Amino acid sequence: MMEIIKDIYYVGVDDHQIDLFEGQYRVPNGMSYNSYVIMDDKIAILDTVDFKCKDEWLNNIRSILKDKLPDYLVVQHMESDHSANIMSLLEIYPDITIVGNALTFKMINQFFDVKIKNKIVVKEYDILNLGSHKLNFVFAPMVHWPEVMMSYDEKSKAFFSADAFGKFGALDCKDDWVTEARRYYIGIVGKYGRQVQDLFKKISSLEVETILPLHGPMILHDIKKFINYYNIWSSYKPEKDGIVIAYCSIYGHTKAAVHRLVKELISQGYTEVSCYDLARTDLSLVVSEAFKYSKLVLATPTYNSGVFPFMQDFLTRLKERNFKNRTIGIIENGSWAPLANKVIRLELADNDLNYLEPVVTINSKLNEASEALIRSLCMELIK
Ligand code: FEO
């Protein structure tokens, strides 16, 4: 626990036992569930934590409150990594008032099947007066659930951003913010870029000096840098010019074609290239890399009249997250009926993508004709 800004304390927890966040994202460096206490004339707790971290979290709260009683629990987000301990808190502090919006309370009923005794149902821009601190509620539907609301404190200029500006990894791990924040954002909120842009419009007039998310480090400096990343990600623009090659290979022939393309690119002096075997790489990482760069090459065998299963999974993830504004190259392999080019275009038909010619079609393994196509694709990619 620590005082982050005057009167505002961190009471969250690190979780190093978790293997898959939201049941699907690998988190080798764990996860943090952030929670905050504002000590003022009235005492407010902002959000609870994952259920398995209950005891540590309650101890953190007690160590800040000592013999005082909290007045409010502000529920910004009802996903269970933040809401699971609402009842645990009510058991200890039965008179606490729960603060949420109409949808928050609908979800509380669904999750806990209980009638809340003391509650304040807020509307957007309502203010919760704690004394010198006043929380102004900004609704942020679908960032990342429909009930999400964020809180701005004018006195401290702190913006409590719920899931936004979070990242994978516990607070005590030393990893690169942007890599794990990008993987987190694209994975979890990537579909909702428009809603993130709507949020930015709403908060553009606020003077924000500190961002306090529900995961990952508190952002105390260089706010503009972090907002700039979110602006790029939510507007589906690439961060950098560069090529990601995502491939599947069964017996190594498609992989050999990919290696040939990489060799050609490097021989042309183009080195901003990264290459991922989709069967052997965490797909959430490859998806986030595809969002980072401007060009994506998809290389896959044809399989059961479609693409190889890992490629199918990858395409589904891109499609779900509105992947667009990128240039696409295709390498397809098929011994009797290569179909990958057709299937990829059909899968991503609703996405705004620029397909390069030529498509490299391989019949079983590279030959003179397909090697020539790879050289042509290389020249198109580096134009
Ligand atoms: Fe961290 Fe959408 O929950």
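The values are calculated or read from the model by the stated rules, or taken from the named source; none is laboratory data. If you're wondering where the values come from, they're calculated on a predicted model, not measured in any experiment. Cβ coordinates were reconstructed from backbone atoms using ideal geometry, including for glycine residues, and neighbour counts include every protein chain displayed.
Taking every residue in the stretch 65-87 that is within 11 Å of the ligand (Cβ to nearest atom) and pairing it with any residue that is modelled with pLDDT under 95 and in a loop (DSSP other than H, G, I, E, B), at least 6 positions away or on another chain, the pairs with Cβ-Cβ distances below 9 Å are His77/His144; Glu79/His144. Determine whether Gly166 is within 16 Å of the ligand (Cβ to nearest atom), of a type outside the set (Lys, Arg) and buried (at least 16 other Cβ atoms within 10 Å of the Cβ). It is true that Gly166 is within 16 Å of the ligand (Cβ to nearest atom), of a type outside the set (Lys, Arg) and buried (at least 16 other Cβ atoms within 10 Å of the Cβ). Scan the stretch 199-222 for residues that are surrounded by 13 or more Cβ atoms within 10 Å (Cβ to Cβ) and of a type outside the set (A, V, I, L, M, F, W, C) and jot them down. The answer is Lys202, Glu209, Thr210, Pro213, His215, Gly216, Pro217. Residues that are within 16 Å of the ligand (Cβ to nearest atom), touching a residue at least 24 places away in the same chain (Cβ under 8 Å), surrounded by fewer than 17 Cβ atoms within 10 Å (Cβ to Cβ) and farther than 20 Å from Ser204 by Cβ: does the stretch 124-135 have at least one? No: zero hits.
Just to be sure I understand, how many residues within the stretch 2-57 are charged (D, E, K, R) and without any contact (Cβ under 8 Å) to a residue 40 or more places away in the chain? Break it down stepwise before answering.
Of the stretch 2-57, the ones charged (D, E, K, R) are 3, 6-7, 14-15, 19, 22, 26, 40-42, 47, 50, 52, 54-56.
Now restrict to residues that are without any contact (Cβ under 8 Å) to a residue 40 or more places away in the chain: 3, 19, 50, 52, 54-55.
Summing the residues that are charged (D, E, K, R) and without any contact (Cβ under 8 Å) to a residue 40 or more places away in the chain in the stretch 2-57 gives 6.
The rows are residues; the columns are (1) more than 30 Å from Ile188 (Cα to Cα); (2) touching a residue at least 40 places away in the same chain (Cβ under 8 Å); (3) within 30 Å of the chain's Cα centre (by Cα).
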residue: Asn325; (1), (2), (3): no, yes, yes
residue: Ile328; (1), (2), (3): no, no, yes
residue: Leu339; (1), (2), (3): yes, no, no
residue: Ile344; (1), (2), (3): no, yes, yes
residue: Asp350; (1), (2), (3): no, no, yes
residue: Leu353; (1), (2), (3): no, no, yes
residue: Glu357; (1), (2), (3): yes, no, no
residue: Ile362; (1), (2), (3): yes, yes, no
residue: Lys383; (1), (2), (3): yes, no, no
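Every listed requirement among (1) under 22 Å from Cys378 (Cβ atoms); (2) among the β-branched types (Val, Ile, Thr); (3) surrounded by fewer than 22 Cβ atoms within 10 Å (Cβ to Cβ) is met by Thr316 save one, (1). Within the option set Asn367, Asn304, being over 30 Å from the mean Cα position of the chain (by Cα), surrounded by fewer than 20 Cβ atoms within 10 Å (Cβ to Cβ), on the phi > 0 side of the Ramachandran plot and free of Cβ contacts under 8 Å to residues at least 60 places away in the same chain holds for one residue only, Asn304.
Checking each residue in the stretch 182-218 for being over 20 Å from Lys324 (Cα atoms) and within 14 Å of the ligand (Cβ to nearest atom) picks out Leu212, Pro213, Leu214, His215, Gly216. Tyr93 fulfils the conditions (1) within 16 Å of the ligand (Cβ to nearest atom); (2) out of contact with any strand residue (DSSP E or B) (no Cβ under 6 Å at 6 or more places or on another chain) except for a single criterion, (1). A single entry from Lys119, Lys115, Lys52 fulfils the requirement of being among the charged types (D, E, K, R) and either within 16 Å of the ligand (Cβ to nearest atom) or under 15 Å from Leu214 (Cα atoms) (or both): Lys52. Residues in the stretch 255-275 that are surrounded by fewer than 18 Cβ atoms within 10 Å (Cβ to Cβ) and of a type in the set (Gly, Ala, Ser): Ala256, Ser267, Gly269, Ser274. Taking the listed residues Lys106, Lys52, Lys42, the one that is touching a Leu at 6+ places or on another chain (Cβ under 6 Å) and surrounded by fewer than 18 Cβ atoms within 10 Å (Cβ to Cβ) is Lys42, with no other qualifying. Here the condition is being modelled with pLDDT under 95 and under 30 Å from Tyr192 (Cβ atoms); of Val99, Val114, Val74, it holds for Val114 alone. Looking at Leu348, Leu339, just one residue is within 17 Å of Val297 (Cβ to Cβ) and among the aliphatic types (A, V, I, L, M), and that residue is Leu348. A count restricted to the stretch 227-265 and to residues that are over 23 Å from Thr281 (Cβ atoms) and touching a helix residue (DSSP H, G or I) at 6+ places or on another chain (Cβ under 8 Å) stands at 5.
Kindly indicate whether Gly269 is in contact with an Asp or Glu (Cβ under 8 Å, 6 or more places away or on another chain), modelled with pLDDT of 95 or more and not hydroxyl-bearing (Ser, Thr, Tyr). In short, no.
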